[in-house]
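Heads up: the structure comes next, in structure tokens.
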Amino acid sequence: MSFDLVLFGGTGDLAWRKLMPALFQAHRHGNLPEGGRILGVARDDLSDDAYRAWLKPKLQEADSAKRPSDADYEDFARRLHFLRMDLSQPEAYGRLRAWLESGRADTIVCYLATSPHLFPQICEQLGAAGLNDKRVRVVLEKPLGHDLASAREINRVVRSVFTEQQALRIDHYLGKPSVQNLMALRFGNVLFEPLWRRESIASVQITLAESLGVGTRGDFYNRTGALRDMVQNHALQLVTMIAMEPPSSNDADSIRDEKLKVLRSLKPFTEDSVLRDVVRGQYRAGAVAGVAVPGYLEEAKVPSDSRTETFVALRTEVQNWRWAGVPFHIRTGKRLAQRESEIVIHFRPLPHPIFAGPAQANKLVIKLQPEDGLELHMLAARGSASALGQQVEALSPVFLDLDFDKVFPTQRVGAYERLLMDALAGRLNLFVRSDEQEQAWRWVEPVLEVWKRDPALPKPYQAGTWGPPASSALVARDGCAWPEES
Ligand code: NAP
């Protein structure tokens, strides 16, 4: 298969920090077909060689295992090209078409790594230039809209040019190996399915914590906030992977149909439940890992009276027979104590403990960041007995650790690498369908509406902590505690 991958926004932060390193790894792993070309597109005036030279030191900033040697980079760089285009100018697309025609690739993937306000224009112009035949796919980065109406409008334009099968909405959390393994654990094994329900599971907790602040993206973040940036997409996608029913097959629409059912089963918010079940916070100055950091209102490009939330904790339920009554607790935030993303499935306590000591319930921890893996926490006897005839000692907590790096030591594929390969191959399982995305917006919208009217400010929390105390109180109502408190 020959391919052309066009990276709109080829000089942007996302391109050099995530996409190009992923493409380099795919090249190094031998996963990119020979002869496939990668075209960076932006308004800079760069030759192919200047683009290659610009990218090289950026890839060499990677950690040592991923850093290209000079020879490795030269080999990869043969694929790289650059085209100067102003994406708002229709005539630029004729030059893109001419460039693509010079290659006659079987597959053309247009990755839209630009500001989303350009997406409708880019799609329309690709269509007008005839670049929407069945060889072409578009990959759309988040955020896709800022509410249901704007997401629908983007989808309307995209659908007027491309079929649903050609439009790939990316959520890189779905490309993470541990999320793949959650699917494998649930649907490739019989062990968990009988337990994967309200009778055995007491609660589900999802934490997506960042230790960084808003950095140089204060203006973007201030328009967005944590609910739109992390909950509407990543956190809800994780909820669907946990709560979905077994799909009838591994094809994209069977999986996405089941995910959509979960989104439709989420307990809708009312004015009262937003005020009761959603906590919003904003960081103040503090210290992260011993380094003093400013508060959100002191960050560059953030207005000093901003009401944007940098933290959200919420409680929801999936209202169906499998999950009724099981709390799903979600929290996400910036400038938290650690960069750590994980899902914890808390199983119910023993019905009748017979061993000495506190009876800890089992839990399954799905680690997403910074490392990925699965841990099954259990209790075990150490096997030591006293000669004096006393009882075997109390059980000790142990965990079965499925460390993927040990089990599969070669060729671990990162999230963006996996998703880029899927986009080139036309595998849609891990991309979000428009109806899923719109349903997720429908669910978060009442929260945005209530916050707009609510005179209360986001609750302050000190940078380097786990958010405002109200977040702990929220889960305590269900008899739960966040991992660092339990
Ligand atoms: P960025 O650093 O501002 O890069 C934007 C890119 O688009 C640049 O290459 C820019 O180049 C190009 N561009 C802008 N206007 C253009 C125009 N009219 N014609 C041609 N090229 C144009 O933004 P980013 O951080 O990479 O983010 C890109 C998208 O990905 C955004 O939607 C963002 O929300 C999303 N995203 C980013 C990240 C991340 O980690 N950065 C993560 C997830 C999602 P010129 O200005 O030189 O033309």
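Given their separation in residues at 0.36 nm each and the Cα-Cα distance between them, H146 and A394 gain 84.0 nm when the chain is fully extended. The fraction of all Cα pairs in the stretch 229-287 landing in successive 5 Å bins from 0 to the largest distance is 4, 15, 18, 19, 15, 10, 7, 7, 3, 1, 0, given as whole percents.
Partners of K406 within straight-line reach, counting aspartates and glutamates whose Cα lies under 14 Å from its Cα and excluding those fewer than 8 residues away in the same chain: E371, D372, E375.
What the Cα convex hull of the chain gives, in volume per residue, is 171 Å³. Taking amide H as placed 1.01 Å from N in the peptide plane, T465 has its amide H under 5 Å from the amide H of A337, each at least 5 places away in sequence or on another chain.
The stretch 429-454 and the stretch 316-332 have their alpha-carbon centroids 17 Å apart. Counting only heavy atoms of the protein chains and using a 1.4 Å probe, H27 has close to 30 Å² of accessible surface.
Mind running the shape call on the stretch 169-228? Use the C-alpha gyration tensor, a ≥ b ≥ c as the square roots of the eigenvalues: rounded below 1.5 for a/c, prolate if a/b tops b/c, oblate otherwise. It is prolate, given that a/c is not under 1.5 and a/b is the larger ratio.
Helical runs (DSSP H, four residues minimum) scored at -39500 (n - 2.57) apiece and divided by the length of the chain put the mean residue ellipticity at 222 nm at -9500 deg cm²/dmol. Using only the alpha carbons of the stretch 3-169, what is the convex hull's orientation-averaged projected area in square nanometres? Approximately 9.6 nm², given one-decimal rounding. Ignoring lysines fewer than eight residues from K334 along the same chain, the ones with Cα atoms less than 20 angstrom from its Cα are K18, K142, K301, K367, K459.
Considering only DSSP beta bridges where both residues belong to the chain, give the percentage that are antiparallel (nearest 5). In the chain, approximately 55 percent of DSSP beta bridges are antiparallel ones.
Across the alpha-carbon atoms of the stretch 158-300, the computed radius of gyration and Dmax are 18.9, 52 angstrom. Rolling a 1.4 angstrom probe over the stretch 441-486 with all protein chains present gives an accessible area of which 58% lies on carbon and sulfur atoms. With a cut-off of 20 Å on the backbone N, the residues of the stretch 348-371 near the modelled label site 7 Å out from K267 along Cα-Cβ are 348-349. Calculate how steeply helix 177-187 sits against the longest principal axis of the alpha-carbon atoms of the chain, using the helix alpha-carbon long axis, and give the answer as 0 to 90 degrees to the nearest 10. Rounded to the nearest ten degrees, it is 60. Partner aspartates and glutamates whose Cα lies under 19 Å from the Cα of K452, excluding those fewer than 8 positions away in the same chain, are identified as D147, D219, D229, E271, D272, D277, D305, E309. Express in whole angstrom the spacing between the alpha-carbon centres of the stretch 39-67 and the stretch 171-212. Distance between centres, Cα-based: 36 Å. Between 0 and 90 degrees, the angle of helix 148-161 with respect to the longest Cα principal axis of the chain falls at about 40 degrees.
In the context of the full set of protein chains, residues of the chain present 45 Å² of accessible surface per residue (probe radius 1.4 Å, heavy atoms only). Relative to the longest principal Cα axis of the chain, at what angle does helix 48-59 sit, 0 to 90 degrees, rounded to 10? With both axes taken from Cα atoms, the answer is about 20 degrees. Between F192 and D219, the C-beta separation translates, for a Förster distance of 45 Å, into a calculated FRET efficiency of about 0.55.
The values are calculated or read from the model by the stated rules, or taken from the named source; none is laboratory data. Keep in mind the model is a prediction, meaning the values are calculated, not measured. Quick reminder, even Gly has a Cβ in these numbers, built from the backbone with ideal geometry, and neighbours come from all protein chains shown. Note: areas computed on protein heavy atoms with side chains; ligands, DNA, RNA excluded. Shrake-Rupley method; radii C 1.70, N 1.55, O 1.52, S 1.80 Å.
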